[in-house]
1. Given the structure, is THR301 at pLDDT below 90, under 31 Å from the mean Cα position of the chain (by Cα) and of a type in the set (S, T, N, Q)?
2. State the number of residues belonging to the range 304-354 that are at pLDDT below 70 and either part of a strand (DSSP E or B) or touching a strand residue (DSSP E or B) at 6+ places or on another chain (Cβ under 6 Å) (or both).
3. Return the residues of the range 229-246 that are modelled with pLDDT of 90 or more and among the hydrophobic types (A, V, I, L, M, F, W, C); say none if nothing qualifies.
4. At pLDDT below 95, more than 19 Å from ARG331 (Cα to Cα) and surrounded by fewer than 17 Cβ atoms within 10 Å (Cβ to Cβ): does that describe ASP290?
5. Kindly list, by first and then second residue, each pair from a residue in the range 312-339 that is assigned by TED's automatic domain parsing to the domain that holds VAL247 to a residue that is modelled with pLDDT under 90 and of a type in the set (Ser, Thr, Tyr), limited to pairs with Cβ atoms under 9 Å and residues at least 6 apart or on different chains.
6. Can you confirm whether the range 36-54 contains a residue that is among the aliphatic types (A, V, I, L, M), farther than 22 Å from VAL85 by Cα and touching a residue at least 60 places away in the same chain (Cβ under 8 Å)?
7. Please find, within the range 178-218, the residue that is nearest to ILE151 (Cα to Cα) out of those that are small (Gly, Ala, Ser) and either part of a helix (DSSP H, G or I) or at pLDDT below 90 (or both).
8. Out of all the residues in the range 70-105, which are modelled with pLDDT of 70 or more, in a loop (DSSP other than H, G, I, E, B) and under 15 Å from SER27 (Cα atoms)?
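The values are calculated or read from the model by the stated rules, or taken from the named source; none is laboratory data. Only a predicted model underlies this, so the values are computations on that prediction, with no experimental measurement involved. Methodologically, a virtual Cβ is constructed for each residue, glycine included, from the backbone with ideal geometry; neighbour enumeration extends over all protein chains shown.
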Amino acid sequence: MIDKHLRGKLYKWAFEGTYMGMAVLDSDGSVMVYNSEILSVLQTIDQDIYKQNIMDLLVSIGIETKLDMEPMCHGQKGISQDYKVKRNGMMAQWYHIEVRSLFGEKILFQIQDITLLKASNEGMITEDKVYLPAQTAMGIAHEVRNPLTAIKGFVQLLDDTNVNTEQKGYLRVISDELDRMEAILSELLVWGKPKKLTLSQVEVSSLCNHVLQLIEMQSINSNITIFTTYLAHLPPLVCDEDQIKQVFLNLLKNAIEAMPSGGHITIRATRQENNIQVEISDQGEGIPKDIIAHFGEPFQTTKSGGTGLGLSICHKIIESHEGKMEFITGRAGTTFNILLPISGPRRLLSEGRE
């Protein structure tokens, strides 16, 4: 049995730890319990909505559709629907509403403002089709994030209860897999909508050495030695340090995974006219021919458990820096060649650094 203190923590995780506005209603549609997010969505942030009827609250934001609560009080199928609200001289607002039966003739009401998501989906109809997978991925990632947050909270709370050693092992496996899911969602969000660049002057050798520290244990455990060669007196590079680190980290992780039996990785940094060139070479078996034609495209991968987003993200980051990323591959291994303008992306510099 879960004690009252733990029940309180579960309530906080499930009810307050979500991005959706939530409320428990009685059979008449009156609010019994609600979370803080619903106040924001219903634009009642400074009000107490206890015992107010949900229909009246929806009318206040322009949703005049009547929701029939009676069938749901008796366990019948709920509602899951999008509603569009038009206001004179203003952009249309979109809301997603879900209503479902709970215990004891209680009803769970959920609402979310999905205006930005809808605007993206409507806008992409007139855009190049290449944006369709990105917008779809963002939508999926945002929707999955909510239940994932609640599940992670419940797993952590269950781990605090009196469970035996075997059950704790199961919970650790679940927790690890949830962490992996969260990492994939983060990749989807970055790929779907890359962050704006924050430019600064960065020493390439220092940047590479920092990335090497991050993967040191992975390379040691994989019996891989990494050699570095940096041209003396390289000028500082104007770039988004965190994003370029992500590129190098992704490429080095791929190189390590390409050599399951161990080997060498070489990193060379040189200057090519007004650019800095960074080469990352491994001794793997190379990239299969059937993958090369689609290499760097999202969801194209040689890994059984991979998403294929890592290299696609790398391409986007390098392109946003107005650089180039190319590769040469064969049975002797793969070399990635990254070329970045020393002075940074001219477009952003002419507009003012972001």
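1. yes
2. Residues of the range 304-354 at pLDDT below 70: 304-310, 347-354.
With either part of a strand (DSSP E or B) or touching a strand residue (DSSP E or B) at 6+ places or on another chain (Cβ under 6 Å) (or both) added as a condition, the list becomes none.
So the answer is 0.
3. Scanning the range 229-246 gives LEU231, LEU234, LEU237, VAL238, CYS239, ILE244.
4. No.
5. Once the first residue is assigned by TED's automatic domain parsing to the domain that holds VAL247 and sits in the range 312-339, its partners that are modelled with pLDDT under 90 and of a type in the set (Ser, Thr, Tyr) give THR335/THR329.
6. Looking for residues that are among the aliphatic types (A, V, I, L, M), farther than 22 Å from VAL85 by Cα and touching a residue at least 60 places away in the same chain (Cβ under 8 Å), one finds none in the range 36-54, hence no.
7. The selected residue is ALA183.
8. GLY78, LEU102, PHE103, GLY104, GLU105
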